[in-house]
Amino acid sequence: YISLYNCPDIVVSKIKDAIDIICNNFTQKLNTGMVFFEHGTVNNFNLSPASVCHFHMHFLPINRSIWYDINEKHNFKYYKISDLSDVKYLIDEHEIIAYLLFGDYDKQLYLIDCSQEEFPSQFLRKVMYEYYYGDSTYDEWDWKKFPYYDMMVETMHSLGGMEI
């Protein structure tokens, strides 16, 4: 599937379960909460905020809610949603063609409408990098330039064989 939007309802239900498992593992094994996000699209022609053409989510350790801080800086057009199953409904209702999905530390979900505004590839990676570290001198947020394999391996090792 190219995005959460394109996943059948049964898959979305399993993704919700997986997010809960990942969140519990972050809490128990890393002693931290998390935020997660997806760079989503509705079809193959509108991939502006995505750099890889398949559904995947990013999970980052954090210990406080950050939505209001990042939204204050970027002033997104967004919808607050109560459940991942609302994504499809809102996208269809508002005729959204590209979106960002953000799950905050406090478990609040936000669907950012990217239909009218062109967001660059890996946009939320950049937003998160800047939130954690400040401005990026060399595009350190770009996974193609700076894959940070050692950090990924260390995190996965710390999670110790999490099964989803």
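Under a 5 Å amide H cut-off, with hydrogens placed 1.01 Å from N, residue 122 pairs with 50, 51 among residues at least 5 apart or on other chains. Sorting the Cα pairs of the stretch 118-158 by distance into bins of 5 Å, from 0 upward, gives 5, 23, 25, 25, 14, 5, 1, 0 percent per bin. Computed about the Cα centre, the dipole magnitude for the chain is approximately 240 debye when only Lys and Arg (+1) and Asp and Glu (-1) carry charge, each at its Cβ.
Distances between placed amide hydrogens fall under 5 Å for residue 78 paired with 113, all partners being 5 or more residues away or on another chain.
Cβ-Cβ distance of residue 9 and residue 146, R₀ of 45 Å, FRET efficiency by 1/(1 + (r/R0)^6): the value works out to about 0.80. With a Förster radius of 41 Å applied to the C-beta separation of residue 121 and residue 31, the computed FRET efficiency comes to 0.80. Within the set (i) 0.94; (ii) 1.07; (iii) 1.03, the number that Rg/Rh (Cα atoms, Kirkwood Rh) takes when calculated for this structure is listed as (i). With a Förster radius of 22 Å applied to the beta-carbon distance between residue 155 and residue 72, the computed FRET efficiency rounds to 0.20. Taking the alpha-carbon distance from residue 144 and a cut-off under 19 Å, which lysines remain once sequence neighbours fewer than 8 residues away in the same chain are dropped? Counting by Cα, and skipping residues close in sequence, residue 144 has these lysines nearby: 126. Ignoring aspartates and glutamates fewer than eight residues from residue 77 along the same chain, the ones with Cα atoms less than 18 angstrom from its Cα are 38, 69, 86, 92, 93, 95, 104, 113, 117, 118. Converting phi to 3J(HN,Hα) with the Karplus coefficients 6.51, -1.76 and 1.60 and the offset θ = phi - 60°, the stretch 117-122 yields 10, 7, 9, x, 3, 6 Hz in sequence order, with x at every glycine or proline.
Quick one: grab the alpha carbon gyration tensor of the stretch 67-164, order the square roots of its eigenvalues as a ≥ b ≥ c, and give me rounded if a/c is under 1.5, else prolate or oblate depending on whether a/b is larger than b/c.
Oblate.
Gain on full extension, evaluated as 0.36 nm per residue between residue 82 and residue 130 minus their Cα-Cα distance, stands at 14.6 nm.
Readers should treat all values here as calculations from the given coordinates under stated rules, not as data from a laboratory. Nothing here was measured: the structure is a model prediction, and the numbers come from that model. Heads up, the Cβs are rebuilt from the backbone with ideal geometry, glycines too, and the neighbour counts pull from every protein chain shown.
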